[in-house]
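One structure is given here, and the rest of the page talks about it.
Readers should treat all values here as calculations from the given coordinates under stated rules, not as data from a laboratory. As the structure is a computational prediction, the values presented were derived from the model and not from experiment. Cβ sites come from the backbone with ideal geometry, for glycine too, and all protein chains shown count toward neighbours.
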Amino acid sequence: MRGPGAREGENPALRIIFFRICHLLARCIEPIFIFDGPGHPLFKRGMNVKSGKPHWMEQYIEGFLEDFGCPFYRVAYNFVPFLCSSLTMMYFLRLRERLRLNWPS
């Protein structure tokens, strides 16, 4: 006899992330993942964060992202706001160029 959660498989958290990536890509949304790099804080949201080894799911998620061709970055903690603002600016520049090319004359 199986329990009520037996259908979810061995790693339901990985399954959820996999299908969320599929869902975004099916709607032509390119997800960008940013992972903690060196120098991240030891406490986040009041909880102790293990700094010696990466989370067990990171390897699998990076594999998903490489297979789907999605960009991901591993950056230092103090570099994240700069990276996010740079990626946002690049997105708007690409969007502006795309609109200019497709704009009727």
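Amide H to amide H, with H built 1.01 Å from N, residue 34 comes under 5 Å of 73, counting only residues 5 or more places away or on other chains.
Using θ = phi - 60° in the Karplus curve 6.51 cos²θ - 1.76 cosθ + 1.60, the 3J(HN,Hα) couplings for segment 57-69 round to 7, 4, 4, 5, 5, 4, x, 4, 5, 5, 5, 7, x Hz; x is entered for Gly and Pro.
Dimensions of segment 13-64 from C-alpha coordinates, computed as largest minus smallest value along each principal axis and given longest first, are 37, 19, 17 Å.
The magnitude of the dipole of segment 8-77, with charges of +1 and -1 set on the Cβ of Lys/Arg and Asp/Glu and taken from the Cα centre, is near 340 debye.
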